[in-house]
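Here is the structure we will look at.
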Amino acid sequence: VFLYLKKVIARDMPGKNVHALRRDLLSKNEARFYQEFSGELRARGVPLLQAPLVQEHFSCLDKEGENLEEQLREGAMLLLLECADEGFMQTSPLSFDQATISLSLLAEFHAAAWEDRDLLRRAYHRLHPTGSYWMLDRRGRSELQNLKPVWQKYLEAFHSQSPDFMESVAVWVAEQLQPSPEDDFATLMHGDPKAMNMFLPSGASTKALIIDFQWTGVGYGMADVA
C-alpha cells in the first residue's frame, strides 16, 4: 500500500496578505472532514480514500489583534492519505464519458447527506457553514471589481442597466446559495470539484474518487456543478 503525505506549513508559504494566508490555512476544513465525516460517508457508500493519520495545528485561525500574520504562520497540517491504485488516472479537460462519471460521483456524494439535518448541523459547525471555494466572500470583492474591465462586452450587453448591476446581482446570488441545515434540498457539497480533484477509473472499475475537501460544507448540490 502506498501513502501520500500532504503538508501545509504556513512558515514555508511565500509572502502574502493576511486574507490570502488565512484562506490558504483553511486546510483545517479538510482535516476535520477526514477526522469526523469521511468514515460516515464511506459507510453510506461514497468512495473515499482513507486517511490513517491527520495532525493539525490551526488554533492560530481563532486569533485576532496585532502581529496577526506572524501568528498565522504557526498554522500547519500533516495528512497521510492512501494513494489511488493503478486503476485510476487524472486528466483535463474531461471527455463526455469522463464528465458523466464525475457527475455521477458528485451525485453520490450529495445523496449521502441529502436533507440529513443531524449530519448537516454537525457540518455547519465543524466544516464551512456554506461550502465552495467559489463564494463571493472567499474570492474577495476586489476580484469582483477586477472582472469589470475583463467583462466589458458583458457590461455593454447590459448597458441599459445600472453600472452596479453585476455587483448587486453577484451579492444576491451569493446569498441565495447559502442554505441552512434545515432548508429543503440542503446537503454536503464538495466545494471545488475540478478535474484535478478527481481520480477517474482507467481499468475495469466504473467508480471515480474525489479528493481535496478544503472547501466542503453545507450547500446545494447544483452549486458544485454550476
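Observations, loosely collected:
- Only one of the listed residues (Phe88, Phe33) is closer than 20 Å to Pro129 by Cα, in contact (Cβ under 8 Å) with a residue 12 or more places away in the chain and surrounded by 15 or more Cβ atoms within 10 Å (Cβ to Cβ). That residue is Phe33.
- The lone exception for Ser95 - which of (1) open to solvent by 40 Å² or more (accessible area, probe 1.4 Å); (2) of a type in the set (Ser, Thr, Tyr); (3) in contact (Cβ under 8 Å) with a residue 60 or more places away in the chain it fails: (3)
- Within the stretch 108-122, the residues that satisfy the criterion of being part of a helix (DSSP H, G or I) and not hydrophobic (A, V, I, L, M, F, W, C) are Glu108, His110, Arg117, Asp118, Arg121, Arg122.
- Residues being assigned to a loop (DSSP other than H, G, I, E, B) and either farther than 15 Å from Tyr133 by Cβ or polar (S, T, N, Q) (or both) - total across the stretch 180-203: 8
- Matching residues, the stretch 57-80, being touching a strand residue (DSSP E or B) at 6+ places or on another chain (Cβ under 6 Å) and either modelled with pLDDT under 95 or under 13 Å from Arg11 (Cα atoms) (or both): His57, Ala76, Met77
- Of everything in the stretch 153-171 that is modelled with pLDDT of 70 or more and surrounded by 10 or more Cβ atoms within 10 Å (Cβ to Cβ), the residue that is farthest from Asp116 (Cα to Cα) is Ala157.
- Among the residues of the stretch 1-50, the ones that are small (Gly, Ala, Ser) and within 30 Å of Ile101 (Cα to Cα) come to 6 in all.
The values are calculated or read from the model by the stated rules, or taken from the named source; none is laboratory data. Everything numeric in this text was worked out from a predicted model, so none of it was measured. Virtual Cβ from ideal backbone geometry, glycine too; neighbours counted across all protein chains shown. Keep in mind that these areas ignore ligands, DNA and RNA; they rest on the heavy atoms of the full protein, side chains included. Shrake-Rupley method; radii C 1.70, N 1.55, O 1.52, S 1.80 Å.
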